[in-house]
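**Student:** Got a structure for you, questions after.
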Amino acid sequence: MDLNEGVIRYLQSTDEAPLNERGVHESLIYFNPAHPELSLGDPSLVWTQARYPSFPGEMASAFSDDGERYRAFGGGRVVRLRALAAPIQKINQGR
């Protein structure tokens with residue numbers, strides 16, 4: 001997570017990704033760094049991971065991207081970026 005640039009990077013492996021992104025790959029979420037208090041469910045966040053049918057000819061995902069899917073299921077626990085700032089800074093200092 002880069003609080004200064006407003007980027008969250010996560011790694012995932014999904015069969016609903018575009019064919020060239022199958023297997024473990026990087027996905028990104030962009031947020032306004034001036035508003036780290038936003039939850040991951042906030043509609044202003046941009047989730048770059050598109051969702052596609054698992055195999056050609058199958059029905060497409062009901063969601064166009066991971067953000068739509070996350071918000072549709074309530075997103076689990078609400079994550080506040082500000083709450084993570086101190087632990088992330090501590091981890092980064094240890095590098």
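**Student:** Can you tell me which residues in region 1-26 are among the hydrophobic types (A, V, I, L, M, F, W, C), more than 10 Å from the chain's Cα centre (by Cα) and open to solvent by 50 Å² or more (accessible area, probe 1.4 Å)?
**Tutor:** Met1, Leu19, Val24
**Student:** Condition first: open to solvent by less than 50 Å² (accessible area, probe 1.4 Å) and aliphatic (A, V, I, L, M). Now tell me which residues in region 41-77 satisfy that.
**Tutor:** Listed by number, the residues that qualify are Leu45, Ala50.
**Student:** Give me a count of the residues in region 1-21 that are not in a loop (DSSP other than H, G, I, E, B) and not β-branched (Val, Ile, Thr).
**Tutor:** Looking only at that region, the number is 9.
**Student:** How many residues does region 27-38 hold that are in contact with a Gly (Cβ under 7 Å, 6 or more places away or on another chain) and either open to solvent by 40 Å² or more (accessible area, probe 1.4 Å) or not hydrophobic (A, V, I, L, M, F, W, C) (or both)?
**Tutor:** Selection size over region 27-38: 3.
The values are calculated or read from the model by the stated rules, or taken from the named source; none is laboratory data. Values in this document were obtained by computation on a predicted structure and should not be read as measured data. Note that we place each Cβ from the backbone using ideal geometry, even for glycine, and neighbour counts take in every protein chain shown. Note: areas computed on protein heavy atoms with side chains; ligands, DNA, RNA excluded. Shrake-Rupley method; radii C 1.70, N 1.55, O 1.52, S 1.80 Å.
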